[in-house]
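Working notes for the structure below.
Just so it is clear, none of the values below were taken in a lab; they were calculated from the coordinates. Quick caveat: nothing in here was measured; it's all calculated off a predicted structure. Cβ placement follows ideal geometry from the backbone for every residue including glycine, while neighbour counts extend to all protein chains displayed.
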Amino acid sequence: MTSQIKTAMLLALLSAMIILLGGAMGGKTGIIIAFGLALVMNVGSYWYSDKIVLSMYRAQEVSPADAPMLHAMVDELAAKAGIPKPRVCIIPEEAPNAFATGRDPAHGVVAVTQGIMRILSPEELKGVLAHEIGHIANRDILIQTVASVMASAIVSIANMMQWAAIFGFGRSDDEEGGTNPLVAILLAIVAPIAASLIQFAISRSREYLADDAGAQYAGNPLYLANALQKLDAWSKRIPMQSANMATESMFIVSPLTGGGISSLFSTHPPIEERVSRLQAMAAGRR
């Protein structure tokens, strides 16, 4: 519930930023145009996100005959989650990782790399699949798309403000609601950074929710905790060849590495925190 409330508050903060920038622009026309463009771009990616990302990672759908254990686990976990069985795909990558996609539970897809099936035990793999099914059941693709729409709108409006301030368009300081050009430029620089931070915070909240759901569906939080520790260690040894920042948030562990200030822009919570929460959950069940 805490993560759900945090997500709602962060989405509200993104909305407030759009209103603030719209007011700074001095009218509704710019915000409507910018939001409309962002909406068209992101709604398109939402409807076709599964096809785009599966193609990007050369994921191939497999049948129950091709991967019987994988399908049996997905069957069981989907039934526990109360959702239609997702399609099952395998990614030809040695880096151990997995992701879920699909615009709603009826169009869900679970994809795992070849590498993850080699290094995880059946119980650990079940924990990973349960986490991904948790994403589908929680409709995280929809929530991430809404956040992306808002963040894109903020970037678009900020760009318009920056050009307007540079070339002297818009209302002057003397007019009611006018904005100083220097303030407009500052807002245009700061707002996209703030929007990105909020978007990443939403992603991290959804990861915690998927961990909680995965622990419940798998029946033992330690399945996922042990898998995360193993994935964290192995992903540093075997980097994902086709990874990129645009799809980083989709994976169970980040396929990109970084530390220090870059952790602020991470789409994933620290592995240590996720493992600690799952271990505490397991201890509470005893």
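Below, the figures for the structure above:
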{"quantity": "Vicinal HN-Hα couplings computed from phi for region 133-141 (Karplus, 6.51 cos²θ - 1.76 cosθ + 1.60; Hz; Gly/Pro x)", "calculated": "5, x, 4, 5, 5, 7, 6, 5, 4"}
{"quantity": "Ranked packing of 249-256, 233-240, 71-78, most packed first, by mean Cβ within 10 Å", "calculated": "249-256, 71-78, 233-240"}
{"quantity": "Among 215-224, 82-91, the order from most to least packed when residues are scored by Cβ within 10 Å on average", "calculated": "215-224, 82-91"}
{"quantity": "R0 of 41 Å, Cβ-Cβ distance residue 80-residue 190: FRET efficiency to nearest 0.05", "calculated": "0.40"}
{"quantity": "Segments 104-114, 52-62 sorted - mean Cβ within 10 Å per residue, highest first", "calculated": "104-114, 52-62"}
{"quantity": "Approximate spin-label separation residue 123-residue 244, in nm, with each point projected 7 Å along Cα-to-Cβ", "calculated": "3.9 nm"}
